[in-house]
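The values are calculated or read from the model by the stated rules, or taken from the named source; none is laboratory data. Here the structure is a predicted model, which is why all the values come from computation and not from measurement. We place every Cβ from the backbone using ideal geometry, glycine too, and count neighbours over all the protein chains shown. All accessible areas refer to the heavy atoms of the entire protein, side chains included, with ligands and DNA or RNA removed. Shrake-Rupley method; radii C 1.70, N 1.55, O 1.52, S 1.80 Å.
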Amino acid sequence: MSTEIRVPQLPESVADATLVAWHKQPGDPIRRDENLADLETDKVVLEVPAPANGIVREIRVQSGAVVTSGQVLAVIEEGAAAAAAAKPAAAASPAAAPKGAARSAPAEEGKDGRLSPSVRRLVEENQLNPAAIPASGRDGRLTKSDVVDYLGKKPTAGAPPAVLPAAPAPPVQTRAPKPAAPGARSEQRVAMTRLRARIAQRLLEAQASQALLTTFNEVDLTATQELRARYKERFEKVHGVKLGFMSFFVKAAIEALKKYPVLNASVDGNDIVYHEYYDIGVAVSTDRGLIVPIVRDADTKSFAALEKEIADYARAAREGTLAIEDLTGGTFTITNGGVFGSLMSTPIVNAPQSAILGMHKIQDRPMVVNGQVAVRPMMYLAVTYDHRIIDSREAVQFLVSIKEALEDPGRMLLGL
């Protein structure tokens, strides 16, 4: 039986995609959920999984072509020959399932019946029922981190179940120019990636549609560094993740947003929409460009949960395995130019949000403390905001609130 492979349904905000790579060619055997091709959108790289075991019969779209939702990409042939081709790979699996163990049925694939290829693979190899795993994804979807967390908590008689390593980054075409010969006065014209073009468009839109203004302050991170140094080893041993600075900044930003909610708002026509939840975007730099995954309901999460989620998102962003829903929405963004050595900058708001916090390099500087000169670890903070709805007073006080929270982090822990 022939089966057409089509472009998955793209979100409303994504009009089309570029087919950047084929992983199979006509005549190659393919197994269910194995990745056939990579599609690059304005936000992420999507996988096109095979719906069943088979053999690739025909490829109808070549690499580099622009495709739309539902468009036919290829045709696979299902049948006995395809099943036979898939058997050797299955037999090579080191841990075969017991005869009485049933594979996870499609009817048990979660509340909405949709699993990404990486999630489906984890579920099937560990003989799990997706409906029994708490889902944290958008619209109740099961994410890879949900399954990994469930496996970590699941009691086992023997060794813990093995978790497949994250899929390697999809082979996106490199568009960097080749180095010129010594003394040559050459030029090369290279096309922007879809992500780079989208970033350029959004930055121009933000500057054209918002009245952007930036205010600065500086924070003494002595107390935060001491607290982190005191507990980082125990924190990692208990929670299995390193205690970084980002969780402190997320917590401090949320406390400040609660005091000055207009910085967590957005403009819709002539209305100001006040978001009574805190979905914090954390900017991550990748080879493809800047990506901003969203930590949803960040105000309800502990320091450990924030560190784990931010680390998972950063890893997935660099591996190219983020889902579109991971990048959708957000009420406020934090970006850290300090990881590249930036001492001060004016970040651009991630529209339709109304403000963005910029972190920078921590640098020892002489400061006057209680009438004495002392060397302190200082960081410049910046908040860029939409002056149409945010007054300078609110922006300045917002930044002062973050400064005070970080200079006395015990207040955040005690809710003061």
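Name the long-range amide H neighbours of Ile30: under 5 Å, sequence gap of 5 or more, or other chain; modelled H, no Pro or chain starts.
Distant-sequence amide H within range of Ile30: Gly54, Ile55, Val56.
Given a 1.4 Å probe and every protein chain left where it sits, what share in percent of the accessible area of the range 171-318 is carbon and sulfur?
Ligands and nucleic acids excluded, carbon and sulfur reach 50 percent.
What ranking, highest mean first, results for peptides 267-273, 290-296, 388-394 when packing means the other Cβ atoms within 10 Å averaged over each residue?
With the highest mean Cβ count within 10 Å placed first, the list reads 290-296, 388-394, 267-273.
Run the count for the range 175-302, please: Lys pairs, Cα-Cα under 30 angstrom, 8 or more apart or on different chains.
Summing the qualifying lysine pairs gives 15.
Sorting check: for 192-203, 351-362, 214-225, which peptide has the highest mean count of neighbouring beta carbons within 10 Å, and how do the rest follow?
Top of the packing list down: 351-362, 214-225, 192-203.
Rounded to the nearest whole Å³, what is the per residue volume of the convex hull around the Cα atoms of the range 265-367?
Residue-normalised Cα hull volume stands at 146 Å³.
Could you calculate the FRET efficiency of Ala311 with Thr286 from 1/(1 + (r/R0)^6), where r is the beta carbon distance between them and R0 is 22 Å, rounded to 0.05?
Efficiency, from the Cβ-Cβ distance: 0.90.
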